[in-house]
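Okay, structure first, notes after.
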């Protein structure tokens, strides 16, 4: 635990044991309680509510009795031996302890600061202060004629007919079904995700594309020419359908494209990142910038803004693919890189106060976590956070 | 943290179970069923499935210890691990049923996170529950009436046939004790950090 928080917790402990506090300590504690109430870092209400429900359940002896009667009638019929796997290795021990401290401190604070009015706690489930929900599935489809559709609100069915192809939405997935009559001219659609949204679509050739937040892909509604050409920005993961006769090409900008046969790979090409990173999982791709390189599975091509091409032969695939697997992976990541990810996923703007050190973070978190829980996990002795509207303020 | 005392109790309980002592199994059931049910409910978000999973884990535990000579090192983690495995299978099947095969790869890690999180919460809550039960005299009952049943001081006084001041005093003493306990828990977790 870090010094500052350690100090607060020591004060809290004294307070709980009714040891008199010095003026300085009292002031520190008041400030901390106030900040935490504002930030809702301790989520007043949520843990206590949970605890009360738990206690209620544990005291429900009728329920236990009923279950035992059922058990009694079953337990004498023999069952097969169950193979029990060894418990999983504790990978996130630090998060677990940090979270435990936060929960206990929260419950302790609740005991200190009163909760005199227990109706408040018992009856209100929604009493969480300012928090920001994580992103979810959704995208904007721009058709050839420029009209736009928001895809998180549509049901299943044909949503548009585009020059010889029908655009079909099924279980949140967009796909293109050729109707047979191929039109002479090629029309393009663009699928784009704003911040706070991700989306998956199937291209007219059957290739699958996962779009991360704040990303876009432009593609023809039918692939007619010698190659299958799409354009993208932001971050996308591709599973390209095999078609040796028609190579697949991803154009990132005028000077950079990825040439593909049939393969799985991830492209991270956010404009506010220092470099475009193409990571190959399976198959083979050729990354073409000023020079070009053929990637082997497990390798990553890094193209800087000055079009310098480099290869990382051992990138962390877990880290690259974390977004598609529903995770944040902050392993060894610097503060500002972490914040860029949060900006895109929570649709927030991050503001840095002077003197914030560029520290490194470790560990993984589910992307299905609200912003408050994420910053609770990231909080550090040298870096603190405050939420104001859709702004996340980073303080030293 | 298991003490030597609780280790010995656990060994003794396992020995009685191995000998087919049904009374011992009833004790084990009472100690674990609701905890396992809570954990399964959190992981599956499905109450009736959680009931089945908790039952099944305890039935298997009984059969394994009594008939198959299984002697888990740690009964608690053995049972929670069984429940964890069953919840994982259940969640996977639900995703398949919903036609969300693509989410299967996501399930693994996100699920492990949730397991970690819920194990930790259940552990803390269980400690607090045990402390709650150790409150002397009427204190536990009064705390239950206040916090769980949401009764007011006067209602409690009337029901227990004691003075409202008595209720307030007992509540204050109970809160004191729980605060001390929480302070010790904080110390425990800080020490580990």
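The values are calculated or read from the model by the stated rules, or taken from the named source; none is laboratory data. Treat the numbers as computed from the prediction; the structure is a model and nothing was measured. Glycine gets a Cβ as well: all are built from the backbone with ideal geometry, and neighbour counts include every protein chain shown.
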Worksheet item: Name the pairs whose Cβ atoms lie under 6 Å apart, with the first residue in the range B:50-66 and facing chain A (nearest Cβ under 7 Å) and closer than 13 Å to residue B:34 by Cα, the second modelled with pLDDT under 90 and not in a helix (DSSP H, G or I), and 6 or more positions between them or separate chains?
Response: none
Item to complete: With the condition kept exactly as written, say whether any residue in the range B:28-44 is facing another protein chain (nearest Cβ under 7 Å), over 17 Å from residue A:64 (Cα atoms), in a helix (DSSP H, G or I) and within 14 Å of the chain's Cα centre (by Cα).
Response: no
Discussion item. Condition check: touching a helix residue (DSSP H, G or I) at 6+ places or on another chain (Cβ under 6 Å), surrounded by fewer than 16 Cβ atoms within 10 Å (Cβ to Cβ) and more than 30 Å from residue B:49 (Cβ to Cβ). Does residue B:154 satisfy that?
Written reply: yes
Item to complete: Assess whether residue B:63 counts as being more than 12 Å from residue B:18 (Cβ to Cβ) and assigned by TED's automatic domain parsing to the domain that holds residue B:22.
Response: no
Worksheet item: So which residues in the range B:135-179 are more than 13 Å from chain A (Cβ to nearest Cβ) and not in a helix (DSSP H, G or I)?
Response: B:136, B:137, B:138, B:161, B:162, B:163
Item to complete: Taking residue A:251 as the residue in question, decide whether it is modelled with pLDDT of 85 or more, farther than 30 Å from residue A:357 by Cα and assigned to a strand (DSSP E or B).
Response: yes
